[in-house]
């Protein structure tokens with residue numbers, strides 16, 4: 001089975017131009033190695049993050065990755081994979097993954113733009129906001145598993161514990 005793909009008369013504009021404007025407005029450190037790649041470094045509440053924006057003109061797709069400044073030792077990877085499965089069940093957009101080569105946790109999402117004139121500022125702001133919020137939300141669970149030696153189910157419960165009332 002194959003899907004016929006009609007070439008768009010007006011392919012979408014490069015969304016990295018908009019992403020670069022957003023990054024500059026937030027005064028985040030960044031590097032744009034070429035027209036199709038943008039790398040951004042920011043400081044979160046728990047760790048530093050490296051954001052990768054990669055534009056694929058041939059797919060009209062923007063691939064986005066938010067990488068944690070952390071590594072998972074081989075002895076904890078099995079439990080981290082269990083945690084990833086549990087965390088990903090709770091997400092509406094994107095997913096968490098673990099780089100097999102170097103054990104770095106990351107959040108990933110791809111936006112398809114075929115048929116659109118390009119990405120909007122709001123779409124890219126939302127992409128970054130969702131990623132950073134989810135990374136900050138689940139980072140404690142990763143800490144509990146990797147450094148605290150906890151089971152994935154216990155780590156997730158502890159990380160998502162909501163307090164009620166005022167102290």
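Points worth noting:
- Only residues that are under 12 Å from the mean Cα position of the chain (by Cα) and touching a residue at least 40 places away in the same chain (Cβ under 8 Å) were counted across the range 125-137, and they come to 7.
- Residue within the range 13-21 that is assigned to a helix (DSSP H, G or I) and exposed (fewer than 15 other Cβ atoms within 10 Å of the Cβ) present: yes
- Selection status of residue 129, loosely packed, with under 13 Cβ neighbours inside 10 Å and modelled with pLDDT of 90 or more: yes
- Some residue of the range 35-50 being over 16 Å from the mean Cα position of the chain (by Cα) and either within 25 Å of residue 113 (Cα to Cα) or at pLDDT below 95 (or both): yes
The values are calculated or read from the model by the stated rules, or taken from the named source; none is laboratory data. As the structure is a computational prediction, the values presented were derived from the model and not from experiment. Every residue, glycine as well, gets a Cβ built from its backbone with ideal geometry; the counts of neighbours run over all protein chains shown.
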